[in-house]
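J.: Submitted below is the structure of interest, expressed as structure tokens.
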Amino acid sequence: MKKFHLLASLILIALGTVFLSGCGGSDSDVVVVNEQKQKDTLEHSDEYDYKIYLITMDLADIFWTQIDEGCRQAVSEIGGINYKWLGPDVNTDELQMVCIDQAVEEGVDALVIASSSKKGINASLEKAAAKGVKLVFVDNPAEFEHVAFLATDNEAAGKVAGETLRKGLEEAGITSGTIALTANKDNVTSTELRIKGFRTAFEGTNFTLTDIFYMEDNDQSLKDYAAAHPEYIAFFGSNERTARNIGEQMKESNSKQMVMGFDTSDSVLTLLYDGYLYATIQQNPQRMGHDGLDIAVKALKGEYKENNARIDTGVKVLYRKEI
């Protein structure tokens, strides 16, 4: 077995984290900030040119850790940045708004944000914009004026995922049957577009695609859903958590149903290597974070003059033999 990248898992184990009650409704909802990494990045926290925070949907997915890694790389290259990573422990608009409000109160100059929904956090974004805060979206945008949005072309990536699964099914001699579509939450632009693109790959075929099953942050609910449908020939997990949970259920039940995944956490890659996922889509979250923070700095300096720019950070299909 080739060794694949385990840095994300090691970072999660080694993190020194601290809870901030200012960004959450209760002790169970509070935000985790990687303060040690902030100290590692800035030798003198009171000497900086700009204060820039990353705010993600939550802190559950390694995908966000990879975006943070990219941001910190940019901070180390640019210098003079007071940087923090904030995110709610639970993915809700209300808790992400608390994070945004906290950042504005702490005098942030720019925010790099993976929005929890299209319009649900706009009230807090309006407060930030009124203070002159530059907004750069990564992975998932809000419908709000911004400097740039860096992400996978999710509709195109979803079509690639669908074409990949269709090819795998046809190579296995399967030309009809039901394929389950799954996502974590409703009203998330990124997964909506992935599934939209995925559907196009099966137009004009004898395959049937289900309505979307939303797991709503409940890992077991998705496992139960997969276990309850042995008649489905395949599943599409449109993000890391859905791909991981379906793959784990396939492993627990020793099922031969085909699973098309999305994202490349160590758990997903292990399931892929062990044969419980057919393939997965690899995004480029490090580039999202790195280039997103770099653009934020350039916008603050007046060097980046575009508004609502759209930057595709690319994808790749990963098969078992490639890890």
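J.: Suppose we keep only residues that are of a type in the set (A, V, I, L, M, F, W, C) and out of contact with any helix residue (DSSP H, G or I) (no Cβ under 6 Å at 6 or more places or on another chain) within segment 71-110. Which one would you say is nearest to residue 301 (Cα to Cα)?
T.: Residue satisfying both the conditions and the ranking: 108.
J.: Taking segment 168-219 only, how many residues are open to solvent by 70 Å² or more (accessible area, probe 1.4 Å), out of contact with any Lys or Arg (no Cβ under 7 Å at 6 or more places or on another chain) and either part of a strand (DSSP E or B) or touching a residue at least 24 places away in the same chain (Cβ under 8 Å) (or both)?
T.: Residues flagged as open to solvent by 70 Å² or more (accessible area, probe 1.4 Å), out of contact with any Lys or Arg (no Cβ under 7 Å at 6 or more places or on another chain) and either part of a strand (DSSP E or B) or touching a residue at least 24 places away in the same chain (Cβ under 8 Å) (or both) within segment 168-219 amount to 7.
J.: Please specify each residue of segment 222-262 satisfying the condition of being out of contact with any Pro (no Cβ under 9 Å at 6 or more places or on another chain), part of a loop (DSSP other than H, G, I, E, B), closer than 21 Å to residue 172 by Cα and not aliphatic (A, V, I, L, M).
T.: Hits for segment 222-262 are 229, 230, 231, 232, 254, 256.
J.: Here is a further query. Looking at segment 134-167 only, could you name the residues that are of a type in the set (Gly, Ala, Ser), open to solvent by less than 30 Å² (accessible area, probe 1.4 Å) and out of contact with any strand residue (DSSP E or B) (no Cβ under 6 Å at 6 or more places or on another chain)?
T.: Once the filter is applied, which keeps residues that are of a type in the set (Gly, Ala, Ser), open to solvent by less than 30 Å² (accessible area, probe 1.4 Å) and out of contact with any strand residue (DSSP E or B) (no Cβ under 6 Å at 6 or more places or on another chain), segment 134-167 yields 142, 151, 158, 162.
J.: Also, quick follow-up: Could you list all residues from segment 117-150 that are at pLDDT 95 or above and of a type in the set (Gly, Ala, Ser)?
T.: 120, 123, 124, 128, 129, 130, 132, 142, 148
J.: Name the residue that is surrounded by the most Cβ atoms within 10 Å (Cβ to Cβ), counting only residues in segment 261-297 that are more than 18 Å from residue 113 (Cα to Cα) and among the hydrophobic types (A, V, I, L, M, F, W, C).
T.: 262
J.: Further question: Could you grab the pairs with beta carbons closer than 7 Å, sequence gap of 6+ or different chains, first residue in segment 298-314 and open to solvent by less than 50 Å² (accessible area, probe 1.4 Å), second one among the hydroxyl-bearing types (Ser, Thr, Tyr)?
T.: Close Cβ pairs satisfying both conditions: 300/50; 313/152.
J.: Taking the residues in segment 68-79 that are assigned to a helix (DSSP H, G or I) and over 15 Å from the mean Cα position of the chain (by Cα) as candidates, determine which candidate is surrounded by the most Cβ atoms within 10 Å (Cβ to Cβ).
T.: Filtering first and then ranking leaves 75.
J.: Being in contact with a Phe, Trp or Tyr (Cβ under 6 Å, 6 or more places away or on another chain) and polar (S, T, N, Q) is true for just one of 91, 122. Which residue is that?
T.: Going through 91, 122 in turn, the sole match is 122.
J.: Something else about it: For segment 41-66, enumerate the residues that are more than 18 Å from residue 117 (Cβ to Cβ), among the β-branched types (Val, Ile, Thr) and modelled with pLDDT of 95 or more.
T.: The one that is more than 18 Å from residue 117 (Cβ to Cβ), among the β-branched types (Val, Ile, Thr) and modelled with pLDDT of 95 or more: 52.
J.: When you go through (1) modelled with pLDDT of 95 or more; (2) more than 18 Å from the chain's Cα centre (by Cα); (3) of a type in the set (Val, Ile, Thr) one by one for residue 323, which number turns out not to apply?
T.: That leaves (1) as the condition not met.
J.: Name the residue that is nearest to residue 177 (Cα to Cα), counting only residues in segment 241-251 that are touching a residue at least 60 places away in the same chain (Cβ under 8 Å) and open to solvent by less than 10 Å² (accessible area, probe 1.4 Å).
T.: Restricting to residues being touching a residue at least 60 places away in the same chain (Cβ under 8 Å) and open to solvent by less than 10 Å² (accessible area, probe 1.4 Å), the top hit is 246.
J.: Might you let me know whether segment 80-87 holds any residue that is part of a loop (DSSP other than H, G, I, E, B), surrounded by 19 or more Cβ atoms within 10 Å (Cβ to Cβ) and modelled with pLDDT of 95 or more?
T.: So far as segment 80-87 goes, yes, one or more of its residues are part of a loop (DSSP other than H, G, I, E, B), surrounded by 19 or more Cβ atoms within 10 Å (Cβ to Cβ) and modelled with pLDDT of 95 or more.
J.: Test of understanding: among 183, 243, 201, 227, which residue is touching a helix residue (DSSP H, G or I) at 6+ places or on another chain (Cβ under 8 Å) and either modelled with pLDDT under 95 or closer than 14 Å to residue 278 by Cα (or both)?
T.: 243
The values are calculated or read from the model by the stated rules, or taken from the named source; none is laboratory data. Note that the structure is predicted; figures quoted are calculated from it, not measured. Heads up, the Cβs are rebuilt from the backbone with ideal geometry, glycines too, and the neighbour counts pull from every protein chain shown. When the accessible area is computed, the model is the full protein with side chains, heavy atoms only, and any ligands, DNA or RNA have been set aside. Shrake-Rupley method; radii C 1.70, N 1.55, O 1.52, S 1.80 Å.
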